[in-house]
Each structure stands twice: as C-alpha cells, then as structure tokens.
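Participant: Just dropping this structure here.
Bear in mind that the values in this text are calculations on the coordinates, not laboratory data. The structure displayed is predicted, hence computed values, not measured ones. For neighbour counting, all protein chains shown are included, and Cβ atoms are generated from backbone atoms with ideal geometry for every residue, glycine included.
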Amino acid sequence: MFLTSEVYVPIEARLNSIWRNQLHSLRENLKFEWGRYDALWLPRNLFNEQKQRGLPSAMNDLGSAHGIFIIDPSQNSDELRIGGANLQLAYDYLIIYTFWIEVSHRRKSLGRKLLDEVEQFGRKNSKRRILLSTFEFQDGLQFWKACGFNEVGRVEDYPEGQRLIYLHKRL
Ligand SMILES: CC(C)(COP(=O)(O)OP(=O)(O)OC[C@H]1O[C@@H](n2cnc3c(N)ncnc32)[C@H](O)[C@@H]1OP(=O)(O)O)[C@@H](O)C(=O)NCCC(=O)NCCS
C-alpha cells in the first residue's frame, strides 16, 4: 500500500506529537545523580559511540585507570604509603593525573624511581608517550624538566593569576 500525502501527513503529525509528549515526559521526570567521580564511565560511553562511527585506528584503545603507591616497609605505622601516582592508559599515551612524594621523603630520588616504574609500565603496555599537566608554582615543573619532559602547552589564568603547564615525553 502506498501512503498518499493526505494519509502520510496526518500520521507523521500524530507520531511527532507522541514523540514530543514522550520527550516532554522524559524532561519533566529527569533525575540527576551526584556520585563518586568515575574516571572511565563517561569516556567509555563516548568512546563506544565514536567507535561505531569509525575511529582513527590510533584511537582504538581507550585503556584503563591505574594507581601505584610507594611503600616504605621500614615504617611500623599503618600508613606505609609515602607517595604514588594516579594515571590512565589511553590510546598510545600514558597520562599522569597525580604524582606525589610525601614531604619528608623529597629530594631523595624517590620521584625519579617512581617515574621509572611508571615509564616501564607504559612501555610494557605498548604506550609511546607520557602527557601530564602541572601548575607553574609547584615543585613539579623543575622535576619534570629534570626527568626529560618538554613543555607542549600552557593555560594562562588557571586559576586567576596562575598557569597550568602541559608536559610531554616520548617513551
Ligand atoms: C615533584 C615531586 C614529585 C618530586 O619528587 P622528589 O622525590 O623530591 O624528586 P627527586 O628527588 O627524584 O628529584 C629528581 C630531580 O628533580 C629536580 N627537582 C625535584 N624537586 C625539585 C625542586 N623542589 N626544585 C628544583 N628541582 C627539583 C632535581 O633536578 C632533582 O634532582 P637532584 O635532587 O639530583 O637535584 C615532589 O616534590 C612532590 O610530590 N611535589 C608536590 C606534588 C607535585 O608537585 N607533583 C607534581 C605535579 S602533578
């Protein structure tokens, strides 16, 4: 059966009205949920959508989030952790989000040792570059430059009066 324009237009109008009602009802009943920050749930969904549209092959691996801690076995307290890093493997990158050594243990090459571990982990997982950002005022900038990182970008006034620096290193 062919739909003539006299039949088709009213059907289309009716469907549009049903769809508009459903959309209205969805908007009216929407709920928002505040929760724990999940580093991968949203990126994974975005990634899956993009994958269906056809991603450049270098972007085929969204990766995973990891944490590494430095443990001091000589400490008797429960708090054995004296530093560590939070990072993500994504595409051919290892991205460092947080990198920290406890104050009393600084300038003893622990930062370098931790970075060695992180770099080895990256290579083992076929990653070829490291990317991170740090504030200019932090000790980090001198540390990263001493460890072979190059500045690749900066965000001025983040926050007001401060500067965020992006650093990069090839593995
Ligand atoms: C940045 C940080 C991780 C360095 O850790 P660390 O264990 O003290 O670093 P290392 O002892 O391995 O230092 C390696 C080299 O980095 C450079 N460096 C490290 N800290 C420095 C500082 N405060 N000023 C100047 N150079 C510094 C030096 O060249 C040093 O070599 P040297 O000690 O032989 O001179 C530590 O200071 C820290 O946790 N800072 C607070 C958090 C932070 O800024 N994190 C990075 C941003 S994500």
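Participant: Using the Cα gyration tensor of region 108-153, with a ≥ b ≥ c the square roots of its eigenvalues, what is the shape: rounded (a/c below 1.5), prolate (a/b larger than b/c) or oblate (neither)?
Facilitator: Working: a/c = 2.63, a/b = 1.35, b/c = 1.95.
Note, shape of region 108-153 comes out oblate.
Participant: Let me ask you something else. Over the chain, with a Gaussian network built from C-alpha contacts below 10 Å, which listed residue (Ile82, Ile11, Ile130) shows the highest mean-square fluctuation?
Facilitator: Per the Cα network of the chain with a 10 Å cutoff, Ile11 tops the list.
Participant: Could you tell me the relative contact order of region 79-126? Use alpha-carbon pairs under 8 Å, at least six residues apart, and round to a whole percent. Show your work: numbers first, answer last.
Facilitator: Values: 38 pairs, mean separation 15.0, N = 48.
Taking the mean separation of contacting Cα pairs over the length of region 79-126, I get 31 percent.
Participant: I've got another one for you. Return a whole-number percent for the relative contact order of the chain, with Cα pairs under 8 Å and 6 or more residues apart as the contact set. It would help to have the intermediate numbers written out before the result.
Facilitator: Values: 195 pairs, mean separation 22.9, N = 171.
Relative contact order of the chain: 13 percent.
Participant: Could you give the angle, 0 to 90 degrees to the nearest 10, between helix 110-124's Cα long axis and the longest principal axis of the Cα atoms of the chain?
Facilitator: 50 degrees
Participant: Mind listing the phi-derived Karplus ³J(HN,Hα) values for region 38-54, rounded to whole Hz, using 6.51, -1.76 and 1.60 with θ = phi - 60°, and x for any glycine or proline?
Facilitator: Computed from phi, the couplings for region 38-54 are 10, 5, 10, 4, 5, x, 5, 5, 4, 4, 4, 5, 5, 4, 4, 7, x Hz.
Participant: Net charge near Leu55, counting Lys/Arg +1 and Asp/Glu -1 over other residues with Cβ under 15 Å of its Cβ? Don't jump to the answer; show the numbers that get you there.
Facilitator: On the way: positive: Arg44, Lys51, Arg53; negative: Glu49, Asp61, Asp92.
That sum, taken over residues with Cβ under 15 Å, equals 0.
Participant: If you don't mind, there's one more thing I want to ask. Using alpha carbons only, how many degrees (0 to 90, rounded to 10) separate the axis of helix 5-29 from the longest principal axis of the chain?
Facilitator: That works out to roughly 40 degrees.
Participant: Based on the Kirkwood radius over alpha-carbon pairs, what is the Stokes-Einstein translational diffusion coefficient of region 14-78 at 4 °C with 1.567 mPa s viscosity, in µm²/s? Present the calculation step by step, with values, prior to reporting the outcome.
Facilitator: Numbers: Rh = 17.1 Å.
Translational D for this selection: 76 µm²/s.
Participant: I'd like the Karplus ³J(HN,Hα) series for region 158-171: coefficients 6.51, -1.76, 1.60, θ = phi - 60°, whole numbers in Hz, and an x wherever there's a Gly or Pro.
Facilitator: 3J(HN,Hα) across region 158-171, in whole Hz: 10, x, 2, x, 10, 9, 9, 10, 9, 10, 9, 8, 7, 8.
Participant: I need the chymotrypsin sites (Phe, Trp or Tyr not before Pro) found in region 65-171, filtered to DSSP loop residues with at most 14 other beta carbons within 10 Å of theirs. Display every interim value, and only then the final one.
Facilitator: Details: sites: Phe69, Tyr91, Tyr93, Tyr97, Phe99, Trp100, Phe121, Phe135, Phe137, Phe143, Trp144, Phe149, Tyr166; in loops: Tyr91, Phe137, Phe149.
Of the chymotrypsin sites (Phe, Trp or Tyr not before Pro), the ones in loops of region 65-171 whose Cβ has at most 14 other Cβ atoms within 10 Å are Phe137.
Participant: Would you list Arg36, Arg112, Arg163, Arg107 from fewest to most Cβ contacts within 10 Å?
Facilitator: Details: Arg36 4, Arg112 12, Arg163 15, Arg107 9.
Sorted ascending by nearby Cβ count, the order is Arg36, Arg107, Arg112, Arg163.
Participant: Rounded, prolate or oblate: which fits region 81-171 when a ≥ b ≥ c are the square roots of the eigenvalues of the alpha-carbon gyration tensor, with rounded for a/c under 1.5 and prolate only if a/b beats b/c? Walk me through the numbers on the way to the answer.
Facilitator: Working: a/c = 1.89, a/b = 1.14, b/c = 1.66.
Because a/c hits 1.5 or more and a/b fails to exceed b/c, region 81-171 counts as oblate.
Participant: For the chain, just list the percent of Cα-Cα distances falling in each 10 Å bin from zero outward, please.
Facilitator: P(r) for the chain, in whole percents per bin: 8, 24, 26, 17, 10, 8, 5, 2, 0.
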